[in-house]
Amino acid sequence: MFYLFDASKIAKTYGTVQNENRYAKYADINDESDQEHGYPHHAESRWFLRSVQENEQLLNIDEALQRLGMGKFQYKIMLATGLFLAADSCEVVILSFLSHVAQSHNWNEGIFSDNNGFSEGDAYDTDTTDGGDTLSTMVLPGALLGAVLWGVLGDMFGRRLVFLAIAVIVSVFGFATSFATTYQVLVFTRIMVSFGIGGLTVPFNACSELMPPSARGKQLVLLQVWWILGALAVHLALQQREQEQIADSKQFLWRLIAGICVIPSVLATILAWRYVPESPRWLLARGDHEIALAILRQAAEINGKDPYETFPMGVILYSHEPEEVTVSASQIFNLFS
């Protein structure tokens, strides 16, 4: 059993607490796993001991990730991130379809009415309504605010928490779109969806910060395929009938399509909660060295490696942050000379 979302249990399982005899004590959470790896085990006390190396070893976070290699640990995180990328494309592509729905100025019908709340003959009268254009315009401030705010929050509270927050927001308000009974509610739900999608860079960063440097570039490029798959899925769903025909038919049809587009973000939320840990690089920046090392040891075990051979006792992680570079105005103008 892996506790990717409980830092205290991770630290107890894979962290170190040195005593006077230079030994480390670890919590025995999974008896069968410990016996399989040959760890000393005491059935009554549920604790075991491992000796600590006398010489401490400094290890850069990039070198640690390289030792970790690519494996199940990273692929599960890529799956969660990829599904959120697919959710992003679904919500972006469906916006043009929802613009047709928003062009109706009669939202007095019930959710499952036969005419979708449209007045016959004037549902797409662009001379009398510009609801579609307004909807497309109103979502832009939400996306802009999300792009600015979520990155700051990711640095303050961690990648994992923000990943979960934006995935939940996109899921909840994307699903609420299916139940919008007024134009105002429809606009509000889409603004909130765009606000969540604006934080897409945080899951992307969380994924990249858990990959070995040698594979990072290739894997992140392949990750973009999920965005294309999401867009293709929506286009295929709309291909059966023209967008105008879908919007003019029973309300249930367009609401169903809006609800289907939420599936990737819901799956991303579940997988992120289950498999995405906090970024060790972010933890090192906060001084949580033990938890960062514990997460890497747990990841090594998921990848089929011995966690204490990959990261022996006495290893101390550190992270080199890039030095601040100042650029003068003259240097900028030199680019155009």
Pick from 290, 301: which is open to solvent by 30 Å² or more (accessible area, probe 1.4 Å) and within 22 Å of residue 63 (Cα to Cα)? 290
Taking residue 208 as the residue in question, decide whether it is modelled with pLDDT under 95 and either open to solvent by less than 60 Å² (accessible area, probe 1.4 Å) or acidic (Asp, Glu) (or both). yes
Exception for residue 227 within (1) out of contact with any Asp or Glu (no Cβ under 7 Å at 6 or more places or on another chain); (2) more than 30 Å from residue 310 (Cβ to Cβ); (3) open to solvent by 50 Å² or more (accessible area, probe 1.4 Å) falls at (1)
Test for residue 88: is it of a type in the set (Asp, Glu), modelled with pLDDT of 90 or more and closer than 28 Å to residue 170 by Cβ: yes
Criterion: within 11 Å of the chain's Cα centre (by Cα) and open to solvent by 50 Å² or more (accessible area, probe 1.4 Å) - qualifying residue of 168, 162, 148: 168
Restricting to helices (runs of 4 or more DSSP H) lying wholly in segment 258-310: which have 1 or more residues that are within 21 Å of residue 203 (Cβ to Cβ)? 263-275, 280-285, 289-302
Name every residue in segment 143-168 that is part of a helix (DSSP H, G or I) and not aliphatic (A, V, I, L, M), in order of residue number. 146, 150, 151, 154, 155, 157, 159, 160, 163
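The values are calculated or read from the model by the stated rules, or taken from the named source; none is laboratory data. Here the structure is a predicted model, which is why all the values come from computation and not from measurement. Backbone-built Cβ (ideal geometry, glycine too); neighbour counts: all protein chains shown. Surface areas here come from the heavy atoms of the whole protein model, side chains and all, with no ligands, DNA or RNA. Shrake-Rupley method; radii C 1.70, N 1.55, O 1.52, S 1.80 Å.
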